[in-house]
Structure formats: structure tokens, C-alpha cells
Amino acid sequence: MNKIIKYVFYDIIRNKIVLAYTLFLLLLSFGLFNLGGSPDKGILSLLNLVLLTVPLISIVFATTHFYNSYEFMELLVAQPINRKKIFMSEYLGVACSLSGAFILGVGVPMLIFGASITGLYLLLTGVFITFIFVALAFLASVITRDKAKGIGIALLLWFYFALIYDGIVLFILYAFADYPLESATLAMTALNPVDLGRIIVLLNLDVSALMGYTGALYKSILGSLWGIGLAFGLMLVWAVVPLASSGRIFSKRDL
Amino acid sequence: MITIENLRKSYGKLQVLKDLNVSFGPGKVVSVIGPNGAGKTTMGKCILGMVLPDGGDIKLDGQSVLGKHAYRSQIGYMPQIGRYPENMKIRQVIEMIRDIRKDAKEVDEELIGLYNLKSMYEKRMGALSGGTKQKVSAALAFMFNPRILILDEPTAGLDPIAAEILKSKILKEKKRGKLILITSHIMSEIEEVADEVMCLMDGQLKFHETIAGIKAQANEERLGRAIAKIMEED
């Protein structure tokens, strides 16, 4: 399996998109840290941008990569290699290289500007989000053979998680404002990995005091180390479920 | 060597293979013929596990191959249209496959030499002509000295010299006791290399005969005519 990952890496490095992604993140982080007075402010602005761009780039890049690797996979399938191995190598290759770009692009400026432990949470969140959205991208890619359709599904997923979902949650909150919605809000958060990531980082910044009752509830549940563990655990589920189902579809389809 | 039992496969509503039963022994060149869309390629891909059958079984030396992968080290496959990662060079593709198959004891580079592929090693796969891609496919199929070769229209797109090289390679490997399955539409070619002809029609076995048997049955000297006669008969 390591051998196949090696060739996937090799292919990714050659097409330079990951390099451009790293540079983009570096530029973004340096700029935001320079703008804000304290590193915490920088992290807050960075969080909002990261939660918008990382899912988008991960899902679009992973989907196009999957379709472009079709020939590569076809070549390997005729060899004595397990299909699951080929699939997992593709996944790990893409997810690890994007995560590497993220850690480099955001982590290095953080070290330079001396961010706190919250910075570490942001890094972890970014890595988890990358793994989740690459898994979702692979799911979109194995569902359909048509590249355009696959990318369309991937973009829809991104729209849903990054934009539409928050709208739905806000709508529910306003429509049922007369009822106690604290635990419902918490449950709704668990249904969107992007929101989970946002809350993990926000709760570790001072701004959580501004989030009202729900914020207090979040703080009491997710503020502890146990709660953060739970939140990351949920994100892990978000990565594993689409990955496992797409792997199953891939090993049962005709090539 | 290979036994196919009640093999069924459909793509959506289209039934490609309908309860196909056939078996092949070692040291034979079997030519798989049949009209376009008869299921020739699908049968080959089922043996390789690239296409997963809906029902039935494929056995290699008495053991089912469904859901397994290690057995593929004994099969060399040359696809009808070789598709390769476009930005990889010939050298990289060949080195990659050799790297993945490091456990193979014997490496046969005869076709690489005969096709002079080394002089084109630095060309990208995406820039190659169809014929050159076929040469790479052929070289890869024979490379690890497999016991079984599945060649899907191997000479289509090859120039006459390259086709002759391939044919003599096929005959050479046959003498070493290998089973070689070839799908082809070119009768003269079949007559040259094949021992048996297997005819698929609408996903079922029409006949599986030796070439001499076919000629005798149809009372025709030319293989093409004999086969046409048999196919028209029923």
C-alpha cells in the first residue's frame, strides 16, 4: 500500500495545485496575523476563512483528482492488488498531501506569530475538515461515472455544509424561538462538521462569552477536554462513514 | 485451468452474459470470437475481477477467484484500449508496475527490446499514438511471465511488423504451456495462432471447437467461411 501511496503523492506533487494551495494559505495567514493586533484576532479571522476555503478546495481537488486517476486505478486493478488498498491509497495520498499543505501554510505563520493553544485547535480542525471533505469528495466520485456530475455533487455538498446548513439552522432557531432549543442546537451542530470545527475553536477563544445562553451551554458541554474529545470524535465519524461507504461502493463496481 | 460456470452479468437492463459455461486448458491458444457486444471483453474482465459478475463462478485450478486478488499475479492482461495516466512517461509506468510486482521471480523484457520501447522511454503516455500504447500494453502483459494471458484485440492498431512480433511471441509462450485467450475479429490471424475457437453470441456459448473440427464440421477450407457457415446454420 505504501508503494501505491508513493505514486499518488508523486502525481499530486507534479501538478502543482497543492503547492499553490500552500502558498495561498501562507499568504492568507501572514496577512491576517499582520492585520490583527493580537494573534487571537488573527486566528478568529483565519478561522472564518479557513472554514470556507478548506472544504471547498479539498472537495473540488479530491473529486477532480479521483476522476483523473481513473486510468491509474484501472492499471492497478489488473494487478494482484486488493481494490480496497488502491482506494485507501488514493484517499490517504490526497488527504495527507492537502493536510500537509494546510499544516505548512497555516502552522508556520502561527509559530512565527506565537499563537496559543487555540492555534493548535485550529490546525487540528483544519486537518479533520480536510479528511472529511476528501472522504465526501470520494463518495461523490464513486456515485457517478460522469466527471461533470461528480464535481456538481461535490460542489452541492460544499454549498450545503458551508452555506445552506447554517441558513436552515438559523431558520429553525427563529421559527421555534419560543421553545428551549439548547440541546436541539447542540444536536444540529453535530450534523455539520464545519460547525463542529467552528465551535471547537470559538470556545477556546474569549469570544465565547458573547454567544449567549447557547454559548454557555456549549461551553459547559464542549468546553472541557472531554467535550473537545467528543467533538473531534464526531468529526472522526464524519470522515469514516463517507470513506467506508465509498470504499464499499468502489470495491463492488465495474471498472 | 480456467473454468467458467453459469456466469451471468448485466449492465443495467442489458444482459451481456447469460449463464456462460466454458473451460480452458493449459498450452492452448483460444480465440474468442463473436459479434460486437457479444460479451467477449466482459468475459475477460470478469476473469480479471475488473467486472464483478452477478452470478456464477470462475475457477482457476479448481478454486474460485471471485473476491480474491492474489491470483491476478498469474494473469497478464492486455486491454483493448490501453488507458494510462497521461502525465506519466513510459519509463515511469513500466518501473511503477515492476516496483509493485517486486515479488515476481522472472521478468520478461523481450517485447520491450523488440518494440524498441527504451528509445521512447521519456515520452509521456498522453503523447503516444494508439499503436505505441498497444506496444506498452503488450510489453506489460507478458512482463511477469504469467501462466495465463488475456489479450483483447491485441493486434488492432499495431503496424504489421509489430503484429508479427506479437504473434510469434504468442506462439512462443504457448509452447511453454501457457493458456492464451485472444479476442479477435481477424480470421487469418486466428488461423495463424489459435488452436481452438470459442464463439460467443448474445452472451452464450455458441461453440467451442478446434480449428480443424470447425473446418470439418462446415466442410470448408477457409476458417472465415466455415465459421460464417456454422453461425448461419442455426
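The values are calculated or read from the model by the stated rules, or taken from the named source; none is laboratory data. Worth saying up front: this structure is predicted, and the values here are computed from it rather than measured. Note that we place each Cβ from the backbone using ideal geometry, even for glycine, and neighbour counts take in every protein chain shown.
Does A:Leu155 qualify as being among the hydrophobic types (A, V, I, L, M, F, W, C), part of a helix (DSSP H, G or I) and more than 30 Å from A:Tyr70 (Cβ to Cβ)? No, not satisfied. Residue pairs whose Cβ atoms lie under 6 Å apart, separated by 6 or more positions or on different chains, with the first residue in region B:103-119 and without any contact (Cβ under 8 Å) to a residue 60 or more places away in the chain and closer than 13 Å to B:Arg91 by Cα and the second charged (D, E, K, R) and surrounded by 13 or more Cβ atoms within 10 Å (Cβ to Cβ), do not occur.
Which condition does A:Phe131 not pass, out of (1) of a type outside the set (Asp, Glu); (2) modelled with pLDDT of 90 or more; (3) in contact with a strand residue (DSSP E or B) (Cβ under 6 Å, 6 or more places away or on another chain), if it passes all the others? Answer for A:Phe131: the failing condition is (3). Evaluating A:Lys41 against the criteria (1) among the basic types (Lys, Arg); (2) free of Cβ contacts under 8 Å to residues at least 24 places away in the same chain; (3) touching a helix residue (DSSP H, G or I) at 6+ places or on another chain (Cβ under 6 Å) leaves one unmet condition, (3). Residues that are part of a helix (DSSP H, G or I), among the hydrophobic types (A, V, I, L, M, F, W, C) and at the interface with chain A (Cβ under 10 Å from one of its Cβ atoms) occur in region B:109-126; there is at least one. Would you call B:Arg83 more than 11 Å from chain A (Cβ to nearest Cβ) and outside any strand (DSSP E or B)? So B:Arg83 does not fit the description; no.
Looking for whichever is out of contact with any His (no Cβ under 7 Å at 6 or more places or on another chain) and in contact (Cβ under 8 Å) with a residue 60 or more places away in the chain here; the options are A:Ile172, A:Ile168, A:Ile199, A:Ile228. Which one fits?
Step by step, each of A:Ile172, A:Ile168, A:Ile199, A:Ile228 is checked, and only A:Ile228 is out of contact with any His (no Cβ under 7 Å at 6 or more places or on another chain) and in contact (Cβ under 8 Å) with a residue 60 or more places away in the chain.
Just to be sure, is B:Ser64 modelled with pLDDT of 90 or more and either more than 16 Å from B:Ile4 (Cα to Cα) or within 13 Å of the chain's Cα centre (by Cα) (or both)? Steps first, answer last, please.
Values: modelled with pLDDT of 90 or more: yes; either more than 16 Å from B:Ile4 (Cα to Cα) or within 13 Å of the chain's Cα centre (by Cα) (or both): no.
The answer is no for B:Ser64.
Of all residues in region A:34-45, those satisfying the criterion of being surrounded by 14 or more Cβ atoms within 10 Å (Cβ to Cβ) and either under 20 Å from A:Ile200 (Cα atoms) or hydroxyl-bearing (Ser, Thr, Tyr) (or both) are A:Pro39, A:Asp40, A:Lys41, A:Gly42, A:Ile43, A:Leu44, A:Ser45.
From the set of residues in region B:39-61 that are under 10 Å from the mean Cα position of the chain (by Cα) and within 11 Å of chain A (Cβ to nearest Cβ), which is nearest to B:Leu181 (Cα to Cα)? This residue is B:Gly44.
For region A:68-149, list the helices (runs of 4 or more DSSP H) that sit wholly inside it and hold at least 3 residues that are of a type in the set (A, V, I, L, M), away from every other protein chain (no Cβ under 14 Å) and surrounded by fewer than 23 Cβ atoms within 10 Å (Cβ to Cβ); which are they?
Details: elements: A:70-77, A:83-102, A:108-113, A:117-143.
The qualifying helices (runs of 4 or more DSSP H) are A:108-113, A:117-143.
Among the residues of region B:1-44, just one is of a type in the set (Gly, Ala, Ser), buried (at least 16 other Cβ atoms within 10 Å of the Cβ) and assigned to a strand (DSSP E or B), namely B:Ser31. For region B:204-215, indicate whether the set of residues that are of a type in the set (Ser, Thr, Tyr), more than 19 Å from B:Gly34 (Cα to Cα) and out of contact with any Cys (no Cβ under 7 Å at 6 or more places or on another chain) is non-empty. Within region B:204-215, not a single residue is of a type in the set (Ser, Thr, Tyr), more than 19 Å from B:Gly34 (Cα to Cα) and out of contact with any Cys (no Cβ under 7 Å at 6 or more places or on another chain). Across region B:67-74, a minimum of one residue is classified as surrounded by 13 or more Cβ atoms within 10 Å (Cβ to Cβ), within 16 Å of the chain's Cα centre (by Cα) and either closer than 15 Å to A:Tyr7 by Cβ or more than 8 Å from every other protein chain (Cβ to nearest Cβ) (or both). Between B:Met88, B:Met143, B:Met125, the distinction of being out of contact with any Pro (no Cβ under 9 Å at 6 or more places or on another chain) and either among the charged types (D, E, K, R) or surrounded by fewer than 22 Cβ atoms within 10 Å (Cβ to Cβ) (or both) belongs to B:Met143 only. Please verify whether B:Ile214 is touching a residue at least 40 places away in the same chain (Cβ under 8 Å) and either assigned to a helix (DSSP H, G or I) or surrounded by fewer than 18 Cβ atoms within 10 Å (Cβ to Cβ) (or both), treating the condition exactly as stated. So B:Ile214 fails the test.
Of the residues B:Lys215, B:Lys167, B:Lys172, only one is in contact with a Lys or Arg (Cβ under 9 Å, 6 or more places away or on another chain) and not hydroxyl-bearing (Ser, Thr, Tyr); which? Full working, then the answer.
On the way: B:Lys167 fails: in contact with a Lys or Arg (Cβ under 9 Å, 6 or more places away or on another chain); B:Lys172 fails: in contact with a Lys or Arg (Cβ under 9 Å, 6 or more places away or on another chain).
Going through B:Lys215, B:Lys167, B:Lys172 in turn, the sole match is B:Lys215.
Checking each residue in region A:172-187 for being out of contact with any helix residue (DSSP H, G or I) (no Cβ under 7 Å at 6 or more places or on another chain) and among the hydroxyl-bearing types (Ser, Thr, Tyr) picks out A:Tyr174, A:Tyr179, A:Ser183.
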